[in-house]
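Presented below is the structure to which this report refers.
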Amino acid sequence: MPIYNKYWNEQLETLPREELEELQLRNLKDELSHAYNHSPYYKRSFDEAGVKPADVKTLSDLSKFPTIDKKTQRDTQGVGSFLGELAAVPEKDVIFVSTSSGSTGVPTMSPFTKQDFDEFQDVESRWFWQAGMRPNDRYVHGLNFSLYVGGPDVIGAQNLGALCIWGGTLPSERLLFILKAYQPTCIWTSPSYAFYLGETALKSGIDPKKDLSINKIFVAGEMGGSIGATRQAIINIWGAELYDFYGLSDIFGACAAQCEYHDGLHIAEDHILVETIDLKTGEVIPNGERGELVYTTLRKKARPMIRFRTGDIGKFVTEKCPCGRTHGRIYVDGRKDDMFIVSAVNVYPSDIEFVIRGLEEVTNEYSVRIYEENFTCRYDVTVENAGASDCESDKKVSEIVTNALKARTGVKPARVIVLPDGSIERSTHKAKRVIDERKLSFDI
Ligand SMILES: [Zn+2]
C-alpha cells in the first residue's frame, strides 16, 4: 500500500451508501441462513419467533428477528459442544478463541475461524491506517495479551507494515525504558493508563513531549477517549494525537475507531449492521437517536451474532464524514449496567468523569460510590484537591464540584469528599472508579 494513500481500502471505505447497504443486505441474508442452518440456538429461536432468513427483503426486516445478549451467550456456552449452541461451525474450523474479562459476570468465549480472524485483522489494519499509522512507524502494543481479544490487534499493525513491539501490560518502568530506548511513534493503551504513564514519566524526569517520539496514542476499553476533558489531559501530557477505538470481545478487538476529525467513531459497516433500540420497548428507533446499540455480524462464521444487545448506550449516524468515508459513526455515552438513576434522572459515570476532568481545582483521579439510603439511590464522589489541601480550601473545592456535577447531570451528589493530592490509588490499565453498592435493582 503506497504510504501516501489516504485509505487502507478506498473502494470499500468510500462506497456510496446505497451500494454499501446493498452489500450489507446480501451479506445479511447469507449470515442469517448460515446461522439458521448451522447453529442450534438460532434454528430454535427463529422457529419460535416464526421468522425465516428468506423473509428478509430489506435491511429493516431484521427487526423481526429476536435479539440476544450476554445472558444468551452464558446460557448457551458449553451446551451441546465445547463451543456452545450459538456457534455455527465445528470445532475443527476454529483457530482462535478469546474470552471477555468477565467484569460483568461469567467470562464469555468468542471463537474465530481462520477467515474470521484474517478479516478481523484486516479491519484492525484499516483503523491503524485511518489513524495515520504507516509502515515507517514504530508501534508499541500495550494491551493485555492474556485471553483478551485486544491482544491480537497488534497483527493488524504488523500486516500494515509497522515495526511492532509486543509490549503487553509491562510494568511502567520497563515500558518507559522501551519508549526512551526505542523511540516508538505510536502506542495503544487504556485512557487512564495513558494518563498515568505520562504522569509517571514526568515524575521520573522524562518529558514525553521532549524526550519521547510518541505522536499517536490509540485508546480503548474505557469512556475517556471520547470525553473532551480526558482527551485534552492526555494530549497535554504527551503532545500527541489521540484516537479513540472501540471494541467488543464478542466481535472484534476494535469494531470502530476515530478518523482525523475525531467526531464519532467509524464502524466497519461491511462487517457489522447497527440498529439502535429503545431501552424500554426494545423497538428500533431512527438513526441519530439515543438508545441501546444492537449489532449483527455480517460475515462472522464461527459464531454469528444476530441482533446482539451490547448494553452500550449511544447513537449511530450515517451522514458522510468530512474524511470521505461513508461508513457510519457511533457515539457511545456509557454502558447500561453503569447507569444509575437518582431522583428519576439517568446519571452516567462518563458524565461525572467529564466534570472532574474539566475542573482545574481537582486532579484527574476520582471515585464514585453508588448506594441506597432510605430506598433511594444516592452517589458520593471522592476527588483530590489539586492545590494545598486544608479545611477551607477543601470546602470550596467540594462546592465547586457539587455545583458542576449538578449542572452536568441534573442531580447533586449526596457528598463530595475532598482528599489531598496523591490520596487515591493510581490505577494501571483499566481503572475501576465506580463502586456500586446497590442491592435493589433499578429498571430503566
Ligand atoms: Zn471520518
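Any chance you could give the angle, 0 to 90 degrees and rounded to 10, that helix 17-38 forms with the longest Cα principal axis of the chain? That helix lies at roughly 70 degrees to the long axis. Please work out whether segment 80-199 counts as rounded, prolate or oblate from its C-alpha gyration tensor, where a ≥ b ≥ c are the square roots of the eigenvalues and a/c under 1.5 means rounded, while otherwise a/b larger than b/c means prolate and anything else oblate? Here segment 80-199 falls in the oblate category. Which of the residue pairs Lys209/Lys336; Lys52/Lys301; Lys315/Lys406; Lys216/Lys301; Lys114/Lys280; Lys57/Lys320 have a Cα-Cα distance greater than 28 Å in the structure shown? Table pairs above 28 Å Cα-Cα are Lys209/Lys336; Lys216/Lys301; Lys114/Lys280. Compute the acute angle (0 to 90°) between the alpha-carbon long axis of helix 391-409 and the principal axis of greatest extent of the alpha-carbon atoms of the chain; round to the nearest 10°. It is inclined by approximately 30 degrees.
With contacts taken as Cα pairs under 8 Å and at least 6 residues apart, the chain reaches a relative contact order of 13 percent.
Most exposed first by the Cβ proxy, i.e. fewest other Cβ within 10 Å, how do Cys164, Cys323, Cys391 rank?
Ordered from fewest to most neighbouring Cβ atoms within 10 Å, Cys164, Cys323, Cys391 come out as Cys391, Cys323, Cys164.
Restricting the calculation to Cα atoms, every distinct pair contributes to the Kirkwood radius of segment 340-436, found to be 13.6 Å. Arranged from fewest to most other beta-carbon atoms within 10 Å of their beta carbon, Phe46, Phe96, Phe112, Phe117 become Phe96, Phe117, Phe46, Phe112. Packing-based ranking of 55-65, 2-12 yields 55-65, 2-12, ordered from highest to lowest mean Cβ neighbour count within 10 Å. Only DSSP H runs of four or more residues enter the estimate; each adds -39500 (n - 2.57), and after division by the residues of the chain the mean residue ellipticity at 222 nm equals -9500 deg cm²/dmol.
Length, then width, then depth: along the principal axes, the Cα atoms of segment 167-288 run 55, 26, 25 Å. Using a Gaussian network for the chain with springs between C-alpha atoms less than 10 Å apart, which of these wobbles most: Asn364, Asn374, Asn287? Fluctuation is largest for Asn374. Each 10 Å bin from zero holds the following percent of Cα-Cα pairs in segment 43-82: 25, 44, 26, 4.
Among Gly334, Gly151, Gly324, the residue with the largest mean-square fluctuation in a Gaussian network model of the chain, with springs joining Cα atoms closer than 10 Å, is Gly324. Overall form of segment 1-125: oblate. Here a/c, set by the Cα gyration tensor axes a ≥ b ≥ c, is 1.5 or more, and a/b is not larger than b/c.
Per residue, the Cα convex hull of segment 1-335 amounts to 131 Å³. Taking the DSSP bridge list for the chain and keeping only pairs wholly inside it, about 65 percent are antiparallel.
The numbers here are math on the coordinates, done by the rules we state, and not lab data. Keep in mind it's a predicted model, so treat the numbers as computed, not measured. Using ideal geometry, Cβ is built from the backbone for each residue, glycine included, and neighbour counts are taken over all protein chains shown.
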